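To start, the structure itself, in C-alpha cells.
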Amino acid sequence: MEVKIQDDTTLDLFQNTGHFLSVKIFPEKEMIEYHWTSFAPFETLVEAYLVVGRFLRQHHYTIAKGLNDLSQTEGSFDEHNEWMTKVYLPKAIERGYRCTAFVKSADLFAQLALDFFLDNNPEGHTFEVFEDAEEAKKWLENQ
C-alpha cells in the first residue's frame, strides 16, 4: 500500500490496483471523512485504518464522528465487518468516537454488507445511512 500525504488533514491511499481511499480530517469539528473509491481486500483495509490511526495520533487529532462514503464501492466486505465491529469500533468508541454517517453504494452486495455491519453495530455508536454525502454531512454537524 502506498500513502500520499497531501497536507496535515488529507491522505490518499493506493493499492496495486490504484487509488482506493481518500481521507479528509476536520480537526475543528472532530470529524473524519472516508471516501472509498474501490474495493480493498481485508488486509489492506486493516492496514489503511492503522495508517490513518497513526496519522491522527501524530497530529494529536481527536475524532468523534465520521463520514464513511461507500457510494463508489462494489462487492461484499463481510470479513471487514467482523473486524470493524469487534476490534476497531470498540477501541474507537473508548477514545471518544460516537457516530458515523454512511453514504450507501448502489451495488447490492455492498448494500448487504452494510446492512450486516449495521445489524452488528457496537453499543455506544450511533449511525445513519444516506443516499447523498451532503445530507450525511448535515446530519453529522448536528451530532
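Considering only segment 22-47, how many residues are at pLDDT 95 or above and within 21 Å of ASP107 (Cα to Cα)? Selection size over segment 22-47: 4. Within segment 69-106, being modelled with pLDDT under 95 and among the β-branched types (Val, Ile, Thr) holds for THR73, THR85, VAL87, ILE93.
Close Cβ contacts (under 9 Å, 6 or more residues apart or on different chains) running from residues in segment 85-102 that are under 15 Å from LEU114 (Cα atoms) to residues that are of a type in the set (Asp, Glu) and part of a helix (DSSP H, G or I) comprise ALA101/GLU135.
Looking at (1) under 26 Å from PHE109 (Cα atoms); (2) touching a residue at least 12 places away in the same chain (Cβ under 8 Å), which one does LEU50 not meet, given that it meets all the others? LEU50 satisfies every listed condition except (2).
Would you be able to say whether some residue in segment 51-58 is under 14 Å from the mean Cα position of the chain (by Cα), part of a strand (DSSP E or B) and at pLDDT 95 or above? No, there is no match, as no residue in segment 51-58 is under 14 Å from the mean Cα position of the chain (by Cα), part of a strand (DSSP E or B) and at pLDDT 95 or above.
Take ASP107 and decide whether it is in contact with an Asp or Glu (Cβ under 8 Å, 6 or more places away or on another chain) and more than 15 Å from ALA133 (Cβ to Cβ). Can you show your working first?
On the way: in contact with an Asp or Glu (Cβ under 8 Å, 6 or more places away or on another chain): yes; more than 15 Å from ALA133 (Cβ to Cβ): yes.
When the stated conditions are applied, ASP107 passes them.
The requirement of being assigned to a helix (DSSP H, G or I) and either buried (at least 20 other Cβ atoms within 10 Å of the Cβ) or in contact with an Asp or Glu (Cβ under 7 Å, 6 or more places away or on another chain) (or both) is fulfilled somewhere in segment 35-46, by at least one residue.
Evaluate the following for LEU56: is it closer than 19 Å to ILE93 by Cα, exposed (fewer than 15 other Cβ atoms within 10 Å of the Cβ), hydrophobic (A, V, I, L, M, F, W, C) and free of Cβ contacts under 8 Å to residues at least 40 places away in the same chain? Break it down stepwise before answering.
On the way: closer than 19 Å to ILE93 by Cα: yes; exposed (fewer than 15 other Cβ atoms within 10 Å of the Cβ): no; hydrophobic (A, V, I, L, M, F, W, C): yes; free of Cβ contacts under 8 Å to residues at least 40 places away in the same chain: yes.
Judged against the criteria, LEU56 is not a match.
The values are calculated or read from the model by the stated rules, or taken from the named source; none is laboratory data. Keep in mind that this is a model prediction, so the values were computed, not measured. Here the Cβ is made from the backbone with ideal geometry for all residues, glycine too, and neighbour counts use every protein chain on show.
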